Amino acid sequence: MVDFLWLLLPVAAASGWYGAKQSLRKRPTIPLPIPHEYFAGLNYILNEQPDRAIEVFSRLLQSDNPESIEIHIALGSLFRRRGEVDRAIRIHQTLVMDSRLSKEQRCLALLELGHDYYRAGLLDRAEGLLKDLIELESNNEAALMLLGAVYQQEKEWEKAIAITEQLSYGNSHTKRTTLAQYYCELAAEAFTQRHCDEALERLQQALTCDPACVRASILNIFNGQSRF
């Protein structure tokens, strides 16, 4: 099955990061010089050179600089992208315990750790952490979508539906098609158990979300044939 929630995740991640940074900017702070190497590291990320970026950020972490928290987050994410999930987990776990973190920074670090757990296949840990994060920030779209992806992997379709319905994208096409596919999964399960009435109800819910859902239409035909 296609990971439908990943179609929405980049948008939410970007908006979550932007919101956190905007909140931090609102606080009165004394301007501090940002090392040139920090921008060099960001440039390596943009140019898809994660090894060079890791090298730069690792050097910066050894010095006392004001951007160390953001560097930890970036470095852990780079390790995850490179497939070194264990190292990403260690970095983000250490960061979460840092008493200097603001609420926004802690939430961002928790989200990155949730991504680490998900990538490592530690779905129970990811689920528990994301639930805690959503209690801190109930409107954290990226956390909601990642939790929905966890439920999708676990085939917990009812929970995936409940999470997807909390997203703030209103009646967007992607949200509606995602919900329709989840209802189709429930219909297919009911169909294999010969619970025809339940299957029909789920298919109707799928078609209500997405009237053009081909899968729901096909399952509806099979469900009708099974009654004869």
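The values are calculated or read from the model by the stated rules, or taken from the named source; none is laboratory data. This is a predicted model, so every value here is computed, not measured. Ideal geometry is used to build each Cβ from the backbone, glycine not excepted, and the neighbour counts take in all protein chains shown.
Overview of results
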{"item": "Residues located in segment 137-152, provided they are modelled with pLDDT under 95 and of a type in the set (S, T, Y)", "result": "S138"}
{"item": "Wholly enclosed helices (runs of 4 or more DSSP H) of segment 138-228 bearing at least 1 residues farther than 30 Å from L111 by Cβ", "result": "173-192, 196-209, 214-225"}
{"item": "Given (1) under 30 Å from R215 (Cβ atoms); (2) modelled with pLDDT under 70, index of the condition G114 fails", "result": "(2)"}
{"item": "Close pairs (8 angstrom Cβ cut-off, 6 or more residues apart or separate chains): within 13 Å of A109 (Cβ to Cβ) and assigned by TED's automatic domain parsing to the domain that holds E112 in segment 81-97, in a helix (DSSP H, G or I) and of a type in the set (F, W, Y) anywhere", "result": "A88/F79; I89/Y117; I91/F79"}
{"item": "Residue that is loosely packed, with under 15 Cβ neighbours inside 10 Å, in contact (Cβ under 8 Å) with a residue 12 or more places away in the chain, over 15 Å from the mean Cα position of the chain (by Cα) and under 30 Å from I89 (Cα atoms), where the choices are K131, K155", "result": "K155"}
{"item": "Given (1) free of Cβ contacts under 8 Å to residues at least 60 places away in the same chain; (2) not in a helix (DSSP H, G or I), number of the condition R119 does not satisfy", "result": "(2)"}
